[in-house]
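Notes to accompany the following structure.
Nothing in this text is a laboratory measurement; each read-out follows from the coordinates by a stated rule. Nothing here was measured: the structure is a model prediction, and the numbers come from that model. Backbone-built Cβ (ideal geometry, glycine too); neighbour counts: all protein chains shown.
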Amino acid sequence: MLNVTPPGHGVRAKAAIDSRTIYGEVREAIVNGAFPPGSRLPTERDLATRFHATRSTVRKTMHRLANEGLVVRHVGRGTFVAALHEVEEPEQEYTLAELLEARLLFEPSLPDLVIERATPRDLKAMGECLEAMRVAQDWTAFKEAKYGLHLALAHASHNRFIVSIFEQILASRRRAGWGRHGTRQPLLSAVREAAYLENCEIVDALKARDVDAARTAIRAYLVRTLAAASAG
């Protein structure tokens, strides 16, 4: 039975949130040229202090950036932005509406696989993302948590091609700077609350093994998001 209670905002949840936030902000700074090719990134200690994270979390995040070819790590010297040709972005970027339309084609069908294949660990990851969404204090953290939840849903399908598609969607939104909402805190609070409740409905349906309810909840969430994006 898929009956796992989402965990509290503990040490592991905080580390996951910190890692997503650090990754998103450092990657955006590299792509936007704030850290030009060949420049040295802040030290692990400095990044840990800035993001109120542990050095082990920073280190794992830097390894992820290195594995993606965005940075190069030199023992005893530090971490440097990779050569320009290694971090070039695709010539054409996709709009939020295009990505949401694509998600509407496949994401409402994911519950069939998720309910059949999801493990307790998969549901735990969804719970951590929900909690991260609920407590997000800025737009970057909120968007990382929101997209992270749907990436966790893709992972729960245990289909690598589906995961790959959603990772491309996530990367595109990061390159777009998450829409650059700035620091409009009242708006963030309202959007965060609505998105949290809607996504809780999705996870609750998955836990209850209710395929139809999960499909309906996912479709309703994406349709509303697409309508909001088109209006904006």
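Worth a mention:
- About its Cα centre, the chain has a charge dipole of approximately 820 debye under the convention of +1 per Lys or Arg Cβ and -1 per Asp or Glu Cβ, with nothing else charged.
- Take 111-119, 223-231, 187-195 and order them by the average number of nearby Cβ atoms within 10 Å per residue, most first; the result is 111-119, 187-195, 223-231.
- In order along the range 99-113, phi translates into HN-Hα couplings of 5, 5, 4, 5, 4, 5, 6, 10, 5, x, 8, 4, x, 4, 6 Hz, rounded to whole numbers, per the Karplus curve 6.51 cos²θ - 1.76 cosθ + 1.60 with θ = phi - 60° and x for Gly and Pro.
- Footprinting exposure proxy for I17, I162 (fewest neighbouring C-beta atoms within 10 Å first): I162, I17
- Each residue of the range 169-174 is assigned a 3J(HN,Hα), and the resulting list reads 4, 4, 5, 5, 5, 5 Hz, derived from the Karplus form 6.51 cos²θ - 1.76 cosθ + 1.60 (θ = phi - 60°), x at Gly and Pro.
- Contact order for the chain, expressed relative to its length and based on alpha carbon pairs under 8 Å spaced 6+ residues apart, stands at 26 percent.
- Once the mean of 1/r is taken over each pair of separate Cα atoms and inverted, the range 118-232 shows a Kirkwood hydrodynamic radius of 14.6 Å.
- Model label points for S109 and V31, set 7 angstrom from Cα along the Cα-to-Cβ axis, are 2.8 nm apart.
- Relative to the dominant Cα principal axis of the chain, helix 55-67 is inclined by about 90°.
- Cβ-to-Cβ counts within 10 Å put K146, K207, K124 in ascending order as K124, K207, K146, the fewest first.
- Charge dipole (Cα centre; +1 on Lys/Arg Cβ, -1 on Asp/Glu Cβ; no other charges) of the range 96-231 amounts to roughly 360 debye.
- Helix 185-207 vs. the chain, principal-axis angle (Cα, 0 to 90°, nearest 10): 60
- Listed candidates [x] 54, 38, 37; [y] 64, 42, 33; [z] 54, 43, 38 - label of the one calculated as Cα extents along the principal axes in Å: [x]
- Estimated FRET transfer efficiency (R73, R224; beta-carbon r; R0 25 Å; 0.05): 0.05
- Using alpha-carbon coordinates, inclination of helix 139-156 to the longest axis of the chain, degrees: 60
- Value of relative contact order over the range 96-231, rounded to a whole percent, pairs C-alpha under 8 Å and six or more apart: 37
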